[in-house]
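Take a look at the structure set out below.
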Amino acid sequence: AQTVTQSQPEMSVQEAETVTLSCTYDTSESDYYLFWYKQPPSRQMILVIRQEAYKQQNATENRFSVNFQKAAKSFSLKISDSQLGDAAMYFCAYRIMNRDDKIIFGKGTRLHILP
Amino acid sequence: NAGVMQNPRHLVRRRGQEARLRCSPMKGHSHVYWYRQLPEEGLKFMVYLQKENIIDESGMPKERFSAEFPKEGPSILRIQQVVRGDSAAYFCASFRSISEKLFFGSGTQLSVL
């Protein structure tokens, strides 16, 4: 069965600094998607970034980038130039490609931004 | 194009009552997931629906819980005879196809007194 593990329940970073959130997953599939979602206090789930497993190039969205290591089954999120608005719960998630199936979420990492 | 609409935003029920949670997917979306989130925890999969079909209900308790997504109208998650342990935020998410982006609703916070 597929699993997603986020080993850091909480993290803090100084405003304007860089922080990396860790995520590992377990799967026997070769084609899949990986996601990072942000959940601010409003509770809305916001897609931060998506990575297709067949792509070697790491996905990037402005200040957000990932380090995707397929062999190691690792998918970390780097936030550069952290801003107060980045404070939220961050969830790593996985879904098989090309097949009707669910998205599996990790337990989340709560990120605090220190002014 | 309105986003995924969930209502009510907050729902209070007494033990033993029924809770009905509604999810209107985005226009053109025929796939819906329901997830449950307990405080300070991740989202737990409950059920995956397509129009008039249950694709995967492996995450849904076999008793008291049911879900539907009719040809017309919203998807409904129904919890009968609620207990305190059902208190949680329930999220739905919709998408057009598995290769396309998933859109989440704002969730329904169910509180059981």
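The values are calculated or read from the model by the stated rules, or taken from the named source; none is laboratory data. Worth saying up front: this structure is predicted, and the values here are computed from it rather than measured. Quick reminder, even Gly has a Cβ in these numbers, built from the backbone with ideal geometry, and neighbours come from all protein chains shown. Keep in mind that these areas ignore ligands, DNA and RNA; they rest on the heavy atoms of the full protein, side chains included. Shrake-Rupley method; radii C 1.70, N 1.55, O 1.52, S 1.80 Å.
Go through the stretch A:50-69 and count every residue that is of a type outside the set (Lys, Arg), open to solvent by less than 90 Å² (accessible area, probe 1.4 Å) and touching an Asp or Glu at 6+ places or on another chain (Cβ under 7 Å).
1
Can you pull out every residue in the stretch A:24-49 that is assigned to a strand (DSSP E or B), more than 11 Å from the chain's Cα centre (by Cα) and surrounded by fewer than 17 Cβ atoms within 10 Å (Cβ to Cβ)?
Listed by number, the residues that qualify are A:Asp26, A:Ile46.
Of all residues in the stretch A:70-100, how many are open to solvent by less than 50 Å² (accessible area, probe 1.4 Å), assigned to a loop (DSSP other than H, G, I, E, B) and at pLDDT below 95?
Of the residues in the stretch A:70-100, the ones open to solvent by less than 50 Å² (accessible area, probe 1.4 Å) are A:74-77, A:79-80, A:82, A:86-97.
Still in the list and also assigned to a loop (DSSP other than H, G, I, E, B): A:80, A:82, A:87, A:97.
Restricting the remaining residues to those that are at pLDDT below 95 gives A:97.
Residues that pass the stated criteria total 1.
In the stretch B:8-25, which residue that is farther than 17 Å from B:Leu113 by Cβ and within 14 Å of chain A (Cβ to nearest Cβ) is surrounded by the most Cβ atoms within 10 Å (Cβ to Cβ)?
Across the stretch B:8-25, the extreme among qualifying residues is B:Cys23.
Looking only at the stretch B:26-44, which residues are touching a strand residue (DSSP E or B) at 6+ places or on another chain (Cβ under 6 Å) and either facing another protein chain (nearest Cβ under 9 Å) or not hydrophobic (A, V, I, L, M, F, W, C) (or both)? Lay out the reasoning, then the answer.
So the first thing to find is which residues in the stretch B:26-44 are touching a strand residue (DSSP E or B) at 6+ places or on another chain (Cβ under 6 Å), and the list is B:26, B:29-38, B:42-44.
Scanning the stretch B:26-44 gives B:His29, B:Ser30, B:His31, B:Tyr33, B:Tyr35, B:Arg36, B:Gln37, B:Gly42, B:Leu43, B:Lys44.
Return the residues of the stretch B:72-113 that are among the β-branched types (Val, Ile, Thr) and either open to solvent by less than 40 Å² (accessible area, probe 1.4 Å) or within 12 Å of chain A (Cβ to nearest Cβ) (or both); say none if nothing qualifies.
If we filter the stretch B:72-113 for residues that are among the β-branched types (Val, Ile, Thr), which is where we start, we get B:76, B:79, B:82-83, B:98, B:108, B:112.
Scanning the stretch B:72-113 gives B:Ile76, B:Ile79, B:Val82, B:Ile98, B:Thr108, B:Val112.
Would you confirm whether or not the stretch A:57-68 contains a residue that is within 27 Å of B:Tyr90 (Cβ to Cβ) and either of a type in the set (A, V, I, L, M, F, W, C) or within 14 Å of chain B (Cβ to nearest Cβ) (or both)? It would help to see each step written out before you state the result.
Of the stretch A:57-68, the ones within 27 Å of B:Tyr90 (Cβ to Cβ) are none.
The answer is no; no qualifying residue exists.
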